[in-house]
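Undergrad: Let me begin by handing over the structure; questions about it come next.
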Amino acid sequence: MEVAVLASGRGSNFQSIIDASIRGELPNANIKLLIVNKKDAYAIERAKKHNIPCYVVESRNKKRTEFDLEMLEILNINKIDIIVLAGFMRILSPRFVNKYKNKIINIHPSLLPLFPGAHAHRETIRAGVSESGCSVHFVDDGVDTGPVIIQKTVAIDKNETEKTLADKILPLEHQIFPKALDLLTSQKIKVKKGKVTIETD
Ligand code: GRF
């Protein structure tokens with residue numbers, strides 16, 4: 001399947017997908033292109049290094065519909081089947097999301113449905129909960145509300161800070177994101193009434 005990755009920044013999750021692909025762990029996924037909405041996103045360097053075509057679609061000062069149309073054009077031309085949001089900090093329009101229903105996945109640094117949105121670590125620490133983690137989920141037209149595919153959990157220590165928690169969770173993101181992409185591109189995921197079931201070998 002043809003895969004597009006969308007990113008806004010550092011791109012370490014994008015890198016985890018590139019690395020998994022190089023290791024042969026994504027046999028049914030072709031990482032065809034990267035789209036970034038910020039021209040200084042470090043993810044661009046990662047794409048260059050691996051000869052993955054990169055498109056910059058600036059989102060600043062642009063209406064959501066206009067931005068989404070520009071992206072849809074790139075995705076159509078390249079016959080993209082699956083979209084991976086790897087630290088993509090922009091909400092997609094319902095029109096966009098519905099066009100790719102159950103074909104867009106996102107990585108989020110909390111145990112969804114807890115702590116959706118842009119400040120997951122901060123809110124997790126503030127809530128004083130004893131564990132957190134990360135989730136890969138399908139994207140629907142809410143913010144981090146779509147069906148969860150895989151989660152991984154970490155314990156929260158007494159003196160945990162936003163930074164230590166983020167550092168602890170990131171390596172787990174890098175494990176479950178490529179895994180979920182493999183399950184999706186291998187057509188092992190079914191979604192029924194908003195719940196995911198995974199076919200096991
Ligand atoms: C990750 O923590 C991801 O869970 C969140 O944004 C961050 C992106 O990091 N959605 P990176 O750009 O993949 O390094």
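The values are calculated or read from the model by the stated rules, or taken from the named source; none is laboratory data. No experiment lies behind these values; they were computed from the predicted model shown. Note that we place each Cβ from the backbone using ideal geometry, even for glycine, and neighbour counts take in every protein chain shown. Surface areas here come from the heavy atoms of the whole protein model, side chains and all, with no ligands, DNA or RNA. Shrake-Rupley method; radii C 1.70, N 1.55, O 1.52, S 1.80 Å.
Undergrad: Would you kindly calculate the mean projected area, averaged across all directions, of the convex hull enclosing the Cα atoms of the chain, in square nanometres? It would help to have the intermediate numbers written out before the result.
TA: Values: hull surface 45.3 nm².
Result: a mean projected hull area of 11.3 nm².
Undergrad: Tell me the carbon and sulfur percent of the accessible area for region 125-197, rounded to whole percent, probe radius 1.4 Å.
TA: Numbers: 2030 of 3990 Å².
Of all accessible area on region 125-197, carbon and sulfur atoms account for 51 percent.
Undergrad: Something else now. Which entries of 101/158; 62/179; 79/190 have Cα-Cα distances beyond 31 Å here?
TA: Working: 101/158 40 Å; 62/179 34 Å; 79/190 22 Å.
The answer is 101/158; 62/179.
Undergrad: Please give me, ordered by residue number, the trypsin sites (Lys or Arg not before Pro) of region 1-55 that lie in loop per DSSP and have at most 16 other Cβ atoms within 10 Å. Each step should come with its number before you reach the end.
TA: Values: sites: 10, 23, 32, 38, 39, 46, 48, 49; in loops: 10, 23, 38, 39.
Passing both the DSSP loop test and the Cβ count: 10, 23, 39.
Undergrad: Next question. For the pair residue 30 and residue 154, how long in nm is the line joining their label points, each one 7 Å along Cα→Cβ?
TA: My value for the distance between the label points is 3.6 nm.
Undergrad: Could you give the nm distance between label points at residue 101 and residue 118, where each point is 7 Å from its Cα heading toward the beta carbon?
TA: The modelled label-to-label distance comes out at 3.0 nm.
Undergrad: A follow-up question, please. Run the numbers on region 2-198 and let me know its relative contact order in percent, using alpha-carbon pairs under 8 Å that are six or more apart.
TA: Working: 360 pairs, mean separation 41.1, N = 197.
RCO, region 2-198: 21 percent.
Undergrad: Here's something else I'd like to know. Which of 166, 29, 43 moves most in a GNM of the chain, Cα contacts under 10 Å?
TA: Judging by the Gaussian network model, the answer is 166.
Undergrad: Can you give me the distance in nm between label points at residue 192 and residue 49, each placed 7 Å from the Cα along the Cα-to-Cβ direction?
TA: Taking the two extended label points, one gets 4.3 nm.
Undergrad: Still on this structure, I have one more. Give the percent of DSSP beta bridges with both residues in the chain that are antiparallel, rounded to the nearest 5. Please list the in-between numbers first.
TA: Values: 15 of 31 bridges.
Restricted to the chain, the bridges split so that about 50 percent are antiparallel.
Undergrad: Which number do you get for Rg(Cα) / (2.2 N^0.38 Å) in region 51-164? Please list the in-between numbers first.
TA: Details: Rg = 16.1 Å, N = 114, 2.2 N^0.38 = 13.3 Å.
Compared with the compact-globule rule of thumb, region 51-164 sits at 1.21.
Undergrad: Same structure, new question: Project the alpha carbons of region 10-52 onto their principal axes and report the range along each, largest first, in whole Å.
TA: Extents along the principal axes: 30, 16, 15 Å.
Undergrad: Could you please state, rounded to a whole Å, how far the C-alpha centre of region 129-201 is from the C-alpha centre of region 8-72?
TA: So the separation of the two Cα centres works out to 20 Å.
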